[in-house]
Structures are given as C-alpha cells and as structure tokens.
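Right, one structure below, let's go through it.
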Amino acid sequence: DNVIFRVGSNTAVMQPAAVKMMEMICQEIGTTLTSGNEAECFYDVVSSPFLPYFAEYAWYRDICCGWLFTLAVPKQLGTRYDLQFGRAMMVWSNSDVTIVQFSLGSISLDQCWDSAASHANESGAAPSKFMEGVETEDDVLYAEELPTLGVLTNEESEMVMSYLTAPYLRLPLVFGFFTQPHRFHTLQHKEVQHLLDAVLFEPGRFKPLDQPPRSMQIPTTDPSSLGSAFGSLLNELHKSPAVLIENSKTLLQCALGIDAGEVGSPTADAFLFVLRTAVSIRNALSLLVSISEGRTAVSKGARDYLLKNTVHITQWADGLAIMDKLLVRMEKQITAWLDRGKPDSTESSDWALEHCTLRAHRLLVGQTWGLQNTVEVQQVLVDAFYLTVQHTWDNSLVGVSD
C-alpha cells in the first residue's frame, strides 16, 4: 500500500510510504533524509534536500492544500485572511501515529472545518446561484422572475430551479430533464452546460467513511447525513443506476441522431459536450464494475462499501457495454471532422484551436478503449503527440510568464 496520506475530517494520517518516497528521492540525488526533518522536506525550500530540484513536489503540496481550502474555508475566513496557496504547509506531528496537518499561512484546516458550514465558493448547482435568496421550492414558486439560462421557458425554468432546491434528488431530475430528445438543443448554451457539469460532477457534501449512520427523517433535519465519501455521481450510480444509465444512453443517441454540422457550430459544441459528459459517466461505471469484479486493487478502508454491494453489477456492465458502442460511433464523427479539414468559413488561427479540441476529444474516447490493436495505439499516440507539439496553454491562468 503506497498511499502517501488519506484525508479525514480535519487531518490526514501520514503513511510510511511518504517517508519511503522521500528517502528514495534523496537517494537519487545523492543525499540523505534527516530523521525528524521530514516535514521541512515538503514545505521549506531552503532546508529541503530535494525541493530545489523537483518543483513538482511543491506544486503537489499546494494543489492538495489549495483543493482542501477551496472546499473547506468559510466565507468569513476568506475575507479576513490573505490566502496564498504558496504559503500552504503540511506539518508533521508525532504521537501514537504520525499526523499531517494542513495549514495555509496562520490558518489551520481545523479552524476552517469547525467554524462554519458555508463554503468559500458557492455550488454551481445551488438555486441561489441563479436566483438571489432562493433556498426552497416555495421561494421558487413565489419568485417574480425566473432565470432562463438563455433558452428555457418560464415553466421549464420553474421546474429546473425547483429540482435544484433538493440536493439529494437534483442529479437524476436535472439530468433527466435535459436529456429529453426535444430539449437536446438546450445543450448548445454554455449556461446549461455549466449547470449540468455542476450537478453531475461536483462532489457535494463530504461524509467520511468512518462517520456512523444516523437516523433519517424525510425531509431530513440533518443535511450532513446526505453526504457521500465518493461524490454525487458515483453515489448515484452505486445506489440507483437505472435512471442515470438510461438517460446517458438517450443523450448519446440524440447526439448521434442529429446533423452535428461544421466544427465550431453550436450543434458541434453540444455534440462535444455530450461526449465529455458521457466519457466521465462511462469511466465511473467502469470503476464500479472493476472494483466489484475484483480487478482493481482497493486500499484498505477506501471503498469498502463498493465491494460489499454487487447487486447492480449486471446493470453496470450492461450500461458500460452500450455506452462503449455509442462512444465508438461518436469518435467516428470526430475523425470525419478531422479528415474533412478546415471549413471554408473558419480562419486558419481558429482552425488550429478547433483541431486541437477535436484531437483532445478523440484522445478522451481513446483512453477508454484498452488499446487492443495497433490502430488504436497509433491513433492515441498521434493525438497525444500532436497536442504536445501544437497546443498552447493560457499561461495567464496558471500564473506563469510566457
């Protein structure tokens, strides 16, 4: 078991593999790890024997701490402190077990977890994201004006906003709403795409695996009991996969049944959005099947409940097989666009970006194949090499100069 650390409610147990990894790094560069100095190796550039040579470990540290604080820092802390991820630290302390505490400057994660329930960043699927002050279905019904997301009627908007007020139901209801064939055109709009991304892929309220079960009331008086240790999507597929699998299949069939148009058109944008969404759902199904069949090694305690319940394994496997077949057909449309080349109406500079986008989507499908033959391997390598050479990152977003 080479897990470096596992995140709990406010701390993480440091695994022996963490020290072993640092010792191996030091050995590679001809130095040694000083006993009792492990913490400084990760956060002190001056005294660390390897941080000056391997900047990616500092990035790893900052990503871990940044992710945790993005989810955990309450709004009031975010306004009182200057939160710079470069000041993030993982501090070792020794007792019966070695504990890693995450801190950002003078703020420890313990402060953040216990001080408030509100998070610094509002969920993209919260109704208040679209309508100020809206929390319940009654608020939606009495609202004077409803958001249209650029395409919805008032009646449709009322339904969608009402679904968002029920976090434990919003995923199947909202996804089912937008996957109806007569609403496929709504996926051309970025506002709808962002809403679906938030509903499907935001992790939602976190509930540690070791949290004891609590008595449930409907509606519940304890929102924390509705959390999951694995995120909303995996939780939905594990507990009640039928509706989500069927809606995913319908969505793919709709995308394949329309004229996708030229590259860069709104219809093509909707097509690519469906592909990205379907691949993510397909990968979640693949994980469930792989774990349940014993083909994926699972760290002790990490996904125990997934192993104990295999009642849906046939449904998962059937859904996975259908989605794989439909995704192969989606990939053929992307290949047809690439073979056709630059549309006459597209500027050369725009086509370079569109070309990278198409290859990235084809590569996304390619990673699901398992690379069973030479043609598949060749295509994946060509797409990966093309993106490596041609793709230009927006460096302003990652804080580095050109």
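The values are calculated or read from the model by the stated rules, or taken from the named source; none is laboratory data. Every value quoted in this text rests on a predicted model; they were computed, and no experiment measured them. Every residue, glycine among them, receives a Cβ derived from its backbone with ideal geometry; neighbour counts consider all protein chains shown. Remember, those area values only see protein heavy atoms, side chains included, never the ligands or the DNA or RNA. Shrake-Rupley method; radii C 1.70, N 1.55, O 1.52, S 1.80 Å.
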Which value, in debye to the nearest 20, describes the size of the charge dipole of segment 124-166 about its Cα centre when Lys and Arg Cβ atoms bear +1, Asp and Glu Cβ atoms bear -1, and nothing else is charged?
-> 240
Mind grabbing the accessible area of I322 for me, 1.4 Å probe, Å², rounded to tens?
-> 70
Per-residue HN-Hα couplings for segment 328-336 [Karplus 6.51, -1.76, 1.60; θ = phi - 60°; Hz; x = Gly/Pro] = 4, 5, 5, 4, 5, 5, 5, 4, 5
Under a 1.4 Å probe, counting only protein heavy atoms, W369 has an accessible area in Å², nearest 10, of 50
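On the protein heavy atoms, probe 1.4 angstrom, tell me the percent of accessible surface of segment 124-166 carried by carbon and sulfur.
Details: 1020 of 2480 Å².
The nonpolar share, carbon plus sulfur, comes to 41 percent.
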Rough spin-label spacing in nm, given labels placed 7 Å along Cα→Cβ, for A166 and Q367 | 3.5
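Counting Lys +1, Arg +1, Asp -1, Glu -1, what net charge surrounds M159 among other residues with beta carbon under 12 Å of its beta carbon?
-2
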Counted charge near L387, where neighbours are those whose Cβ lies closer than 12 Å (Asp, Glu -1; Lys, Arg +1) | +1
H312: accessible area at probe 1.4 Å, nearest 10 Å²?
-> 40
Could you state the number of Å between the C-alpha centres of segment 139-162 and segment 334-382?
-> 38
Net lengthening on full extension, E262/E347 (0.36 nm per residue, minus Cα-Cα) = 29.3 nm
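Find out how many positive minus negative residues lie around E347, taking Lys and Arg as positive, Asp and Glu as negative, among other residues whose Cβ is under 14 Å from that of E347.
On the way: positive: K342; negative: E262, D344, D350, E354.
With Lys, Arg at +1 and Asp, Glu at -1, the net is -3.
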